[in-house]
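Rule-based calculations on the coordinates, nothing more; no lab input. A quick note: this is a predicted structure, and the numbers were derived from the prediction, not measured. Here the Cβ is made from the backbone with ideal geometry for all residues, glycine too, and neighbour counts use every protein chain on show.
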């Protein structure tokens, strides 16, 4: 019997999609090789063309969907499949959140060797026009004689040629072509590589990263655009802290958490959650899970501008917020003062590295909230446990590091994983945001 001849790179083949990876690609198996395919769903039969051969897998693109899964829907965005901003628009919203929940549970089981006692109902919000924060690339493409504004293509090398973005806040998502034309009309059109988007409840800000000082004429054009569209215009000549308001003379960004009667102000380059409605649900759930009592002291690590700290302070005796970015700490203090909240203290400290005796670690706390970056909170878990906290709520943007840290809390520090669930902060993407409750065993 002769061996199967190896397929050429461009030869289409029909495959069955067995499962989905955590980054949203379909998994098939062909001649003993794993094949990863974007834009497909489990259970589908598709015709694909292999594009790349890696050491441990191959990558392919879809030529045709021969038998579609029941969860398949028509993508709303005309640029889906080219733009790398979304990966799951072809999947119905309930199926997306179910897949994210499975990702969370599989990570907890395989990485942390733990399972939640209860799976929390998912937190969801709007699926379109939800994104209030974004960093848009800007590039003049000589072959097209055109300035492109938007996200990178799926392969990440070039900017996608976008007319609009369905997940960006409409004030910006519907004006990508206008933004491209605006920059193309500047003398410095090749010296602006990105635009930072930040949207508050009542204002929209655009931060133009300028690699060289702009002429008065260029500044006037940007001001006119801001005035015409009711947007705050910033220039950023160097790092994020260098951003300054160009138009109008005064302006501010803020969002409200109505359940707690709190308004938080932020700069357009500050970290804030991208999805305002899901953030409100998330804060409410975190406070409910932590359940601070009027006599209790609460520690909020990675506190940022006070998104969780100030709502917790409405219920607890005292809350201490800790954050590595000193500028965010100043914003948090100002937000506490603005909201008339006096039972909070904020400390600036590096939470990415373990410290022998951090200022907050020398104190006792009843409860702790953790909201770390993607790298997780493993550096501080021993010190968190040493505070004597009986309850921990962990908010995560990376299920793998949450699972790792859950294993540490459970197996090394005597906590049990009471509950965990997902939050659809980034619909139509494979990003998994989650929340977990731990209690002393």
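In the chain, the DSSP-assigned H stretches of four residues or longer account for a calculated mean residue ellipticity at 222 nm of -6500 deg cm²/dmol, using -39500 (n - 2.57) per stretch and the full residue count as denominator. The rule of thumb for compact globular proteins, 2.2 N^0.38 Å, goes into the C-alpha radius of gyration of segment 67-192 1.35 times. Taking every DSSP bridge with both residues inside the chain, close to 65 percent are antiparallel.
Hey, what's the per residue convex hull volume over the C-alpha atoms of segment 13-67, in cubic angstrom?
Convex hull of Cα atoms, per residue: 69 Å³.
Here residue 128 and residue 31 are evaluated by their C-beta separation; at R0 = 45 Å the FRET efficiency comes out at 0.65. Taking R0 as 25 Å, what FRET efficiency do you get between residue 201 and residue 337 from their Cβ-Cβ distance, rounded to the nearest 0.05? The computed FRET efficiency comes out at 0.80.
Full extension of the chain segment joining residue 67 with residue 16 gains 17.4 nm, where the gain is 0.36 nm per residue of separation less the Cα-Cα distance. Within the listed set 62, 368, 138, the residue fluctuating most in the Gaussian network model of the chain (springs between alpha-carbon atoms under 10 angstrom) is 62. Overall, the ratio between the Cα radius of gyration of segment 291-404 and 2.2 N^0.38 Å, rounded to two decimals, is 0.98. Whole-percent P(r), segment 17-121, all Cα pairs, 10 Å bins from 0: 14, 42, 32, 12, 1.
Taking Cα atoms of segment 397-441, Rg/Rh with Kirkwood Rh, to two decimals? The partial results should precede the final answer.
Numbers: Rg = 11.9 Å, Rh = 11.2 Å.
Here Rg/Rh amounts to 1.06.
Here the residues 211, 289, ranked from fewest to most Cβ neighbours within 10 Å of their Cβ, fall in the order 211, 289. With a 10 Å cut-off between alpha carbons and a GNM built on the chain, which of 89, 118, 236 moves the most? Evaluated over the chain, the most mobile residue of the options is 118. Comparing 339, 279, 210 in a Gaussian network model of the chain, where Cα atoms under 10 Å apart are tied by springs, the biggest mean-square fluctuation is seen for 339.
Computed as a quarter of the hull surface, the mean projected area of the alpha carbon convex hull for the chain stands at 24.4 nm².
As a rough footprinting exposure proxy, the listed residues 396, 242 were ranked by other beta carbons within 10 Å of their own, and the order from fewest upward is 242, 396. Computed from the C-beta positions of residue 92 and residue 51, the FRET efficiency with R₀ = 25 Å rounds to 0.40. Packing order of peptides 244-252, 377-385, highest average first: 377-385, 244-252 (average count of other Cβ atoms within 10 Å over each peptide's residues). Under the simplified labelling scheme, the residue 190-residue 379 pair shows an inter-label distance of 4.1 nm, with each label point 7 Å from Cα along Cα→Cβ. Fewest-first ordering of 157, 391 by other beta carbons within 10 Å of each residue's beta carbon gives 157, 391.
From the C-alpha coordinates alone, can you work out the Kirkwood hydrodynamic radius of segment 212-333, in Å? It would help to have the intermediate numbers written out before the result.
Details: mean 1/r = 0.0607 Å⁻¹.
Hydrodynamic radius (Kirkwood, Cα pairs) of segment 212-333 is 16.5 Å.
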